[in-house]
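Here the structure comes first, spelled out in structure tokens, and everything after it is commentary.
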Amino acid sequence: MTATRWLYLARHGDAAETGGLTDTGREQAKLLAERLSDVPLAIVTHSPLQRAAETAAAVHAPSTEIWAAAGDYVPFVPDPVPPVLEGYTPQERADGARWAAEALDRFAKPVEGDIETHELVITHAFLVAWFVRDALGAPPERWLGLNSANCALTVIRYTPDRPPALVLFNDLSHLPPELRWTGFSSGLVPR
């Protein structure tokens, strides 16, 4: 028996060059936590990177875990390689593809059992895009056209015997206009 999984995905808050959150990032994380305060989250899973860990710490849930596959990596590199992805090594590309498959295998399906669950993954823009692309049944290279703002909320519902449903994508309604930012310059992808 399986039950519905509500998968909440959020990119970390604005980060400093040192890896932790800026004051803006802490405010974004606080507002994301307030937005999710009425959601019966079973668990918060987050990237091992400091910016994601600090964002996750703002959200209250019965349990929290660090998971490498929620990290910051390139999930798929098309051939030919687009210029924005040329700097990634063959090993980084292989690791990214493996982690992306692991992430989908774990989360992109209904849960075992008969109890609906709500789970939050605090991650990075690339993995949010990868999940959205998968939920929509788009080709693997299509993740490249998607972007997530800092602490934006994306929700995908995985219901038994139905295709995934993209409920929200890159929703920023919990953030005031001055905190709505992707962190990316036009046309650039961060490393």
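If you take all other residues with their beta carbon under 13 Å from the beta carbon of residue 56, and give Lys and Arg +1 and Asp and Glu -1, the sum is +1. So for the chain, averaging the separation of alpha carbon pairs under 8 Å that are six or more residues apart and normalising by length, what relative contact order in percent results? Relative contact order, the chain: 31 percent.
For the chain, the mean residue ellipticity at 222 nm estimated from helices alone is -8500 deg cm²/dmol, where every DSSP H run of n ≥ 4 contributes -39500 (n - 2.57) and the total is divided by all residues, rounded to the nearest 500. Annotation: residue 109 carries an accessible surface of approximately 80 Å², with a 1.4 Å probe and no ligand, DNA or RNA atoms counted. Each principal axis of the Cα cloud of the range 110-180 was taken in turn, and the coordinate range along them, longest first, works out to 42, 29, 17 Å. Residues considered: 83, 163, 110. Largest GNM mean-square fluctuation over the chain, using C-alpha springs under 10 Å, is found at 83. Give me log10 I(q)/I(0) at q = 0.09, 0.13, 0.14 Å⁻¹ for the chain, Debye formula, one equal scatterer per alpha-carbon, no solvent. Values, matching the q order: -0.30, -0.64, -0.75.
Comparing 41, 153, 127 in a Gaussian network model of the chain where C-alpha atoms under 10 Å apart are linked, the largest mean-square fluctuation is found at 41.
Treating each Cα of the range 23-122 as one equal point scatterer and applying the Debye formula with no solvent, the log10 of I(q)/I(0) at q = 0.25 Å⁻¹ comes out as -1.25. Annotation: per residue accessible area for the range 1-133 equals 45 Å², rounded to a whole number [probe 1.4 Å, protein chains only].
Relative contact order of the range 86-189, taken over Cα pairs closer than 8 Å and 6 or more residues apart, is 21 percent. Across 11, 106, 51, mean-square fluctuation computed from a Gaussian network of the chain (C-alpha pairs under 10 Å connected) peaks at 106.
For the range 81-139, the fraction of alpha-carbon pairs lying more than 15 Å apart is 62 percent, rounded to a whole number. Taking all Cα-Cα distances within the range 1-53, those exceeding 17 Å account for 44%.
For the range 52-191, with all protein chains in place and a probe radius of 1.4 Å, 56% of the accessible heavy-atom surface sits on carbon or sulfur.
The values are calculated or read from the model by the stated rules, or taken from the named source; none is laboratory data. Since the model is a prediction, treat every value here as computed from it, not as a measurement. Methodologically, a virtual Cβ is constructed for each residue, glycine included, from the backbone with ideal geometry; neighbour enumeration extends over all protein chains shown. Surface accessibility is based on the protein's heavy atoms, side chains included, excluding ligands, DNA and RNA. Shrake-Rupley method; radii C 1.70, N 1.55, O 1.52, S 1.80 Å.
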